[in-house]
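This report refers to the structure that appears directly beneath it.
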Amino acid sequence: MEANTIAKYFLLKANAEEDTGISNLKLQKLLYYAHGFHLAIFDKPLFDEEIYAWQHGPVCPDIYHIYKHNGSNVIEYSDEGIDFNSLFNDEQLELLDEVYSVFGQYSAWKLRNMTHEEPTWINNEAEALLITNTEMKEYFKTRLN
């Protein structure tokens, strides 16, 4: 799975629910939480792209660069006719919806601040290092109920 497919799912979900929208900063955090919980629950990555500990929290650089022209503004996205039901299984859709329900309610800066309290970012931020899937899986397993 490509991270941008997940990103488009979150963007479309925000539009469908008449949300205030998603900025690149918020999108990065939603991807981080979705990927982390997917690793913890299913023991495999949600997407192949890597996540790094940047100044403002975990970031998937590939996705950051796709949407960086938006700056801190809401990313405008309209349905491109993607059939997400054929791309994701029911468990993945349930996970993405749960991540959006729990974390999508917060502002980008609230999410940024939340990630700044998590060891996956704290342990890697000083040198903007890769947050490994193993590290994410171990941390997010502690967050499961």
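What follows draws every value from the coordinates through simple rules; no lab data is involved. What you see is a predicted model, and the numbers here were worked out from it, not measured in a lab. Every residue, glycine as well, gets a Cβ built from its backbone with ideal geometry; the counts of neighbours run over all protein chains shown.
Here are the numbers for the structure shown:
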item	result
Estimated translational D of the chain in µm²/s (Stokes, Kirkwood radius over Cα pairs; 4 °C; 1.567 mPa s)	86
Amide H partners (placed H, <5 Å) of residue 51, local residues excluded	131
Stretchable slack from residue 114 to residue 79, in nm (0.36 nm times residue separation minus alpha-carbon distance)	9.6 nm
Cross-link table 8/141; 26/68; 26/110, entries beyond 20 Å C-alpha to C-alpha	8/141
Added length on full extension, which subtracts the Cα-Cα distance from 0.36 nm per residue, residue 105 to residue 41	20.8 nm
FRET efficiency estimate (nearest 0.05) - Cβ-Cβ, residue 123 to residue 68, R0 25 angstrom	0.45
